[in-house]
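Notes for the one structure printed next.
The values are calculated or read from the model by the stated rules, or taken from the named source; none is laboratory data. From a predicted model like this one, the values you see are computed outputs, not experimental measurements. Surface accessibility is based on the protein's heavy atoms, side chains included, excluding ligands, DNA and RNA. Shrake-Rupley method; radii C 1.70, N 1.55, O 1.52, S 1.80 Å.
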Amino acid sequence: MFIRTLLLAAGLAVASGVTAGAQQFGGHVELTNIDRDGNLDIIAGSAEVSGVVRGDVEIFAGSIEAQLDVSGDTHLAGGNVEIAGRTGGDAEIGGGAVDVMMDIGGDADMGGGFVNYSGTIGGGLDVAAGRFVMSGTSVVTREADISGKEVILSGRFLSNVEVFAEEVVISGQINGDVDIEAARLIVEPGTVINGRLQHRGPVEAEIASDATIVGGVEYVFSDVDIEWDRAHFNLADLDLDIVPATPFFIAAGIAFDFILGVLALLLMPRGVARVSRKFRQRPMLSALVGLFLFPMGWIMLLVAGIVLLAITLVGVILIPFWITFALLVLMLAYPLGAIAISDFFLERTGVRKSGTGMRVLGLLIVLILVAALWVVPPLAVIAGIILSWIGLGAWTFAAFGRKDDGPAAASDGGAASPAAAV
């Protein structure tokens, strides 16, 4: 009774912590007209968000569309990012295509293939992009460091500007000094630079006759090689801390493996019991068989199955199903190993029969204990690999071993057929 109570309390406590650490997680997250006190964290395939957040916002998704009023910092990363509104703190935004129409109270860090910005930045601007366009209505209060293939700067810069690019086009007003390394520099009509323009490149800048450069122009011949090495990329001094913190991924990993294990327990309880029993009977041998099968043996079986199926037309159609099944086996090995280990130690403590409820809680506890080892990452990796070996090896014995497992079978509710184990 004490062990069951302990497992239940620990499982509920940790499950509550995992839920609190991941506010929104899913394939598609849609939140409209929200009014939230505190932070908003989202990881999803796609996200559509609008409203007010009195805290920080972190969104990591394949596609992001947001209209937000954020009092704290904003961190966004996605394949396509469209954000409008306001953020009171810093903004870190990255993606393949980034369109930002947001007033930013602090510093702004942006990166992507195509980046467009329109708004007011109260701090500095750091950009690394294939193509960066700053609109004519935009304002940057402090220094701007920009790297890209093509850079188009309009609007107003109230401090110094530094650019490294293949082509740079400047219009609008710059109140500080301008330092540019570019293969081609164009200063358009009506441009005002209240400081000095320093240009390094293979040809002199194309400066419109009515452009105003108060501090004069200094040109130095230089070959410009647009190679995105570390030195050139760091000219923008990006600090994109937009990928969610490690604890979030640990919690997400626990949740994913826990769901897989629970589904296995619900869909094939006798099969899972047989896997667990086979490990208790052959703990070392199960791990050794899993060592062979994970990953080399698994890859060999996967390839062999694909080759055999490819011989016939019907088999070719079945190849995607074979690959899906093989991946499912590989993913299930880890939670099955966790269940087997949990049952092993429960038996040693006197719990002779583990029902589905006890196995669910035991699975959660083992997953959390392994995740806790990430304070020393190599230990967590080793523990995870060993659990996968155990799960795959014991599953192999359960699927292809003898049905008659002796007296131990009775304590687990009877033996299951190899098909039930799979």
Once all protein chains are kept in place, residue 381 shows an accessible area at probe 1.4 Å, nearest 10 Å², of 70
Largest first and rounded to whole Å, the semi-axes √(5λ) derived from the alpha carbon gyration tensor of segment 31-168 read 25, 16, 11
Cα extents of segment 119-159 per principal axis, largest first, Å, are 25, 17, 13
From the Cα centre of segment 201-216 to that of segment 144-174, the distance in Å is 14
Of the convex hull drawn through the C-alpha atoms of segment 310-392, the volume per residue in Å³ is 127
Shape descriptors of segment 36-117 over alpha-carbon atoms, Rg and Dmax in angstrom, are 11.0, 34
Sorted list, accessible surface of protein heavy atoms, 1.4 Å probe, largest first, for 149, 278 is 149, 278
Taking only protein heavy atoms and a 1.4 Å probe, the highest-to-lowest accessible-area order of 344, 114 is 114, 344
